[in-house]
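First up is the structure itself, then whatever we jot down about it.
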Amino acid sequence: MKKFLPPLLFFVLFLVESLFVQYLPANVLGRDNIWVPHFLIGAILFFTIYTGKKRGILYAMIFGLLYDIVYVEIIGINLFLFPFVTYIVSKIMNVMQLNIIIAFLVSLVGIAFLEIGIYEMDSLIHVTSIDFMSFLKMRFYPTLLLNAVFLLLAAYPFKRQFEKYAEAFDE
């Protein structure tokens with residue numbers, strides 16, 4: 001049963017991201033800011049840190065494709081960026097000491113890479129017209145703040161759950 005919990009958790013977070021955007025009133029978090037929840041990739045990054053690179057990249061690929069199919073007009077941006085960011089985070093963790101604070105910070109850096117990657121890809125194919133400084137002010141910083149709060153709340157439960165998963169999977 002423990003082996004099915006992470007995919008179920010990822011699917012629930014995939015749905016929660018959509019519900020968060022849909023039901024959160026715009027005035028609550030500021031009228032000019034864009035708050036983008038990346039709860040799913042945050043969980044996948046924690047999963048990768050505590051269970052291993054192969055499984056993390058596989059889930060990142062699956063949910064990146066699902067994310068592109070459901071939410072994005074262009075198939076491939078998240079399909080490429082989710083596994084790429086997951087790979088970068090796994091490489092960073094190879095040289096860092098594994099503890100929950102480092103996992104939190106590295107996951108936040110991964111979300112930052114994802115946000116900048118999405119902006120750069122959108123800018124490259126002319127989907128967005130805002131300049132980089134406006135992007136930083138309106139979307140990047142609010143998004144990092146939102147996801148930092150989420151990761152602070154979820155870091156310990158993720159750590160415990162994914163360590164249990166790694167033990168159950170290795171048995």
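The values are calculated or read from the model by the stated rules, or taken from the named source; none is laboratory data. Remember, it's a predicted structure, so these values are computed and weren't measured experimentally. In this analysis, Cβ positions are derived from the backbone assuming ideal geometry, glycine residues included, and neighbour counts consider all displayed protein chains.
What to note about this one:
- Check on ILE116, within 14 Å of the chain's Cα centre (by Cα), surrounded by fewer than 17 Cβ atoms within 10 Å (Cβ to Cβ) and over 18 Å from GLY56 (Cα atoms): yes
- Pairing each residue of the range 60-76 that is in contact (Cβ under 8 Å) with a residue 40 or more places away in the chain and farther than 19 Å from LEU45 by Cβ with any residue that is among the aromatic types (Phe, Trp, Tyr) and part of a loop (DSSP other than H, G, I, E, B), provided the two are 6+ apart or on different chains, yields no C-beta distance under 8 Å.
- Neighbours by Cβ (under 7 Å, 6+ apart or cross-chain): first from the range 1-20, under 18 Å from PRO37 (Cβ atoms) and assigned to a helix (DSSP H, G or I); second at pLDDT 90 or above and aromatic (Phe, Trp, Tyr): PHE10/TYR59; PHE10/PHE63; LEU13/PHE39; PHE14/PHE63; VAL16/PHE39; GLU17/PHE39
- Test: residue in the range 17-26 that is within 22 Å of MET121 (Cβ to Cβ) and in contact with a helix residue (DSSP H, G or I) (Cβ under 8 Å, 6 or more places away or on another chain): yes
- Checked against (1) closer than 23 Å to PRO6 by Cα; (2) crowded, with 17+ Cβ neighbours inside 10 Å; (3) within 13 Å of the chain's Cα centre (by Cα), MET93 passes all but a single condition, namely (3).
- All of MET121, MET138, MET133 fail the test of being in a helix (DSSP H, G or I), of a type outside the set (Lys, Arg), modelled with pLDDT of 95 or more and over 27 Å from GLY52 (Cβ atoms), apart from MET133.
- For the range 1-11, filtered to residues that are exposed (fewer than 13 other Cβ atoms within 10 Å of the Cβ) and among the aliphatic types (A, V, I, L, M), the residue that is modelled with the highest pLDDT is LEU8.
- Within this structure, PHE82 passes the test of being closer than 20 Å to PHE10 by Cβ, modelled with pLDDT of 95 or more and buried (at least 17 other Cβ atoms within 10 Å of the Cβ).
- Residue list for the range 39-64, filter: buried (at least 24 other Cβ atoms within 10 Å of the Cβ) and among the small types (Gly, Ala, Ser): GLY42, ALA43, GLY56, ALA60, GLY64
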